[in-house]
Amino acid sequence: MQDPYPIEPLVRPVDAVVEVPGSKSYTNRALLIAALADGRSTLRGALFSEDTERMADSLRRLGLRVEEDPADARYDVWGTGGRIPAASAELFVGNSGTTVRFLTAMLGLGHGRYLVDGVERMRQRPIQPLLDALQALGVRAVSTAGTGCPPVVVEADGMAGGEVSMPGDKSSQYFSALLMVGPLTRDGLTLHVEREMVSKPYIDLTANIMAAFGATMERDADYRTLRVPGGQRYAPREYFVEPDASNASYFFGAAAITGGRVRVRNLGTGSAQGDLRLLDALEQMGCEVTRGVDEIEVKGPERLRGIQVDANAYSDMAQTLFAIAPFAEGPTEVRNISHTRVQECDRLSASAAELQRLGQEVEEYPDGLRVTPRPVTPAVVQTYHDHRMAMAFALVGLRAPGVSIADPGCTAKTFPDYWQRLERLRR
């Protein structure tokens, strides 16, 4: 692809029916759970991207049979009932946060020594709370550099279960990782949440997939205690992966800023994906949102309104809101997302820098940004090897001339054909 990649403004409001690929959150969880099930599972509508390939490749390196058909969006996984065939393995997870955290917990079920590593940015992403929890459960899990980040070595001889505490204000993925392996332990797991849990909807999404494969978990109303009974089994099955709400957000955003209409198919009111809460924010900004059983439609207003929101429950959507903000009347303030500073990049500092490059007035807080709209300045937006920086800030170029996106190929992490699908909005 041309780099930087120029975004040509749309000449009319978008009017499109869009299909987006399967959810990364669902695909990576379903791959891991299918590997823990008792026999062959088929995942249909799965996402094929760098992150999901890292998960599938790692499972193969652990001795599990995983076959794929990208053209049919299908994985076939032969589960081994919680047994990890390999007694040793070196796993490379790239910059996939779900892969490193979910696999690290899964390795606690193994009998052997395993190394998990990734790209340089992954070596800056914290995993110590999960390592501490595994240590408390009798699994030797250490950061080899002593930084609390990968590379990680796990030395395991099975995991009986037990009761542990972890901070909830860093990542819900630590909890999801343990919840998914909990049914395969003898005694089950009780997880106590210290401080406020971030991204709570992802806990319910994890429970949703576990239940689909036949295992249960429970939580209290405040997400302070999560329990998984031990001695359960995952049943193999055919499983449909629903479209990715996070990736759908960019098309909803296109409707919002152009005063147009976008309908996304096969995604509806039954979804457990927390990023659909972006729709509530879009309604506050003046959009008309229609939520159906199997489709969602967003119509943009003549003029968007600036808003103040707590985006803790859907923090991956903050960059989408930042990219929409220049076209609203009045400031947009997004808060309670300090944990996004340790994701693919420091998403708050990166977003602030690029918004300022685009001529916007920005106030940066420890936990968010306030964006006051100004005329957009033509610029090459830097993306910091972060797929969401690229996909979100491309929206600015749909309205304002002279915007280009550096390193457009970084979208392969979760949405390999994003640019082709974005171009279809011009039809």
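The values are calculated or read from the model by the stated rules, or taken from the named source; none is laboratory data. Please read all numbers here as calculations on a predicted model, not as lab measurements. Heads up, the Cβs are rebuilt from the backbone with ideal geometry, glycines too, and the neighbour counts pull from every protein chain shown. Surface accessibility is based on the protein's heavy atoms, side chains included, excluding ligands, DNA and RNA. Shrake-Rupley method; radii C 1.70, N 1.55, O 1.52, S 1.80 Å.
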For this session: Return yes or no: is ALA412 under 26 Å from the mean Cα position of the chain (by Cα), surrounded by fewer than 18 Cβ atoms within 10 Å (Cβ to Cβ) and among the small types (Gly, Ala, Ser)?
Result: yes
For this session: Just give me the residues in the range 70-81 being among the small types (Gly, Ala, Ser) and in contact with a Ser or Thr (Cβ under 9 Å, 6 or more places away or on another chain), in sequence order.
Result: GLY79
Seminar exercise, completed: Of (1) over 18 Å from the mean Cα position of the chain (by Cα); (2) crowded, with 19+ Cβ neighbours inside 10 Å; (3) among the basic types (Lys, Arg), ARG388 satisfies every one except (1)
Exercise. Taking LEU348 and the conditions (1) in contact with a Ser or Thr (Cβ under 8 Å, 6 or more places away or on another chain); (2) more than 23 Å from PRO4 (Cα to Cα), which numbered condition does it fall short on, given that it satisfies the others?
Worked result: (2)
For this session: Hey, can you tell me all the residues within the range 79-96 that are open to solvent by 10 Å² or more (accessible area, probe 1.4 Å), touching a helix residue (DSSP H, G or I) at 6+ places or on another chain (Cβ under 8 Å) and of a type in the set (A, V, I, L, M, F, W, C)?
Result: ILE84, ALA86, ALA89, PHE92
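I want to confirm something. Restricting to the range 139-187 and keeping residues that are in a loop (DSSP other than H, G, I, E, B) and out of contact with any helix residue (DSSP H, G or I) (no Cβ under 9 Å at 6 or more places or on another chain), which single residue is farthest from GLY79 (Cα to Cα)? Walk me through how you get there before you give the answer.
The first filter runs over the range 139-187 and keeps only residues in a loop (DSSP other than H, G, I, E, B), leaving 139, 144-151, 158-161, 168-172, 185-187.
Adding the requirement that they be out of contact with any helix residue (DSSP H, G or I) (no Cβ under 9 Å at 6 or more places or on another chain) leaves 144, 146, 158, 160, 185-187.
On the way: THR144: 30, GLY146: 34, GLY158: 17, ALA160: 20, THR185: 16, ARG186: 18, ASP187: 21 Å.
So the residue we want is GLY146.
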Problem set entry | Residue satisfying all of: in the range 253-298; among the acidic types (Asp, Glu) and either closer than 20 Å to ASN312 by Cβ or touching a Pro at 6+ places or on another chain (Cβ under 7 Å) (or both); least open to solvent (accessible area, probe 1.4 Å) among these | ASP275
For this session: Specify the residue that is surrounded by the fewest Cβ atoms within 10 Å (Cβ to Cβ); the eligible residues are those in the range 117-136 that are more than 20 Å from the chain's Cα centre (by Cα) and under 18 Å from SER172 (Cβ atoms).
Result: ASP132
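Restricting the search to the range 191-235, which residues are touching a residue at least 12 places away in the same chain (Cβ under 8 Å), outside any loop (DSSP other than H, G, I, E, B) and of a type in the set (D, E, K, R)? Give the derivation first.
From the range 191-235, those touching a residue at least 12 places away in the same chain (Cβ under 8 Å) are 191-210, 212-217, 219, 223-235; that's our starting set.
The next check asks that each one be outside any loop (DSSP other than H, G, I, E, B); those that pass are 191-194, 201-210, 212, 219, 225-228.
Result: GLU194, ASP204, ARG219, ARG227.
For (1) of a type outside the set (S, T, N, Q); (2) part of a helix (DSSP H, G or I); (3) within 24 Å of ALA379 (Cα to Cα); (4) in contact with a strand residue (DSSP E or B) (Cβ under 7 Å, 6 or more places away or on another chain), each residue gets a yes or a no:
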site	(1), (2), (3), (4)
ALA281	yes, yes, no, yes
GLY286	yes, no, no, yes
GLU297	yes, no, no, yes
GLU302	yes, no, no, no
GLN319	no, yes, yes, no
ALA325	yes, yes, yes, yes
HIS339	yes, yes, no, no
LEU355	yes, yes, yes, yes
Exercise. Given (1) closer than 22 Å to VAL17 by Cα; (2) under 24 Å from the mean Cα position of the chain (by Cα), where does ALA311 come up short, assuming only one miss?
Worked result: (1)
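If the requirement is being among the hydrophobic types (A, V, I, L, M, F, W, C), within 19 Å of the chain's Cα centre (by Cα) and open to solvent by 20 Å² or more (accessible area, probe 1.4 Å), which of these qualifies: VAL376, VAL342? Step through it out loud before you land on a result.
Numbers: VAL376 fails: within 19 Å of the chain's Cα centre (by Cα).
None of the others qualify; the one that does is VAL342.
Check whether at least one residue in the range 35-43 is closer than 21 Å to TYR418 by Cβ and either without any contact (Cβ under 8 Å) to a residue 60 or more places away in the chain or open to solvent by less than 10 Å² (accessible area, probe 1.4 Å) (or both), and report yes or no. Walk me through it before giving the result.
So the first thing to find is which residues in the range 35-43 are closer than 21 Å to TYR418 by Cβ, and the list is none.
No, the range 35-43 contains no residue that is closer than 21 Å to TYR418 by Cβ and either without any contact (Cβ under 8 Å) to a residue 60 or more places away in the chain or open to solvent by less than 10 Å² (accessible area, probe 1.4 Å) (or both).
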For this session: Kindly check whether there is at least one residue in the range 314-331 that is modelled with pLDDT of 95 or more and farther than 20 Å from VAL362 by Cα.
Result: yes
Problem set entry | Subset of the range 49-73 (residues that are surrounded by 17 or more Cβ atoms within 10 Å (Cβ to Cβ), within 17 Å of ASP417 (Cα to Cα) and either over 19 Å from the mean Cα position of the chain (by Cα) or in contact (Cβ under 8 Å) with a residue 12 or more places away in the chain (or both)) | SER49, GLU50, ASP51, THR52, ALA73
Seminar exercise, completed: Exception for ALA221 within (1) open to solvent by 10 Å² or more (accessible area, probe 1.4 Å); (2) aliphatic (A, V, I, L, M); (3) within 23 Å of the chain's Cα centre (by Cα) falls at (3)
Exercise. Of the residues that make up the range 357-367, is at least one among the small types (Gly, Ala, Ser) and out of contact with any Leu (no Cβ under 9 Å at 6 or more places or on another chain)?
Worked result: yes
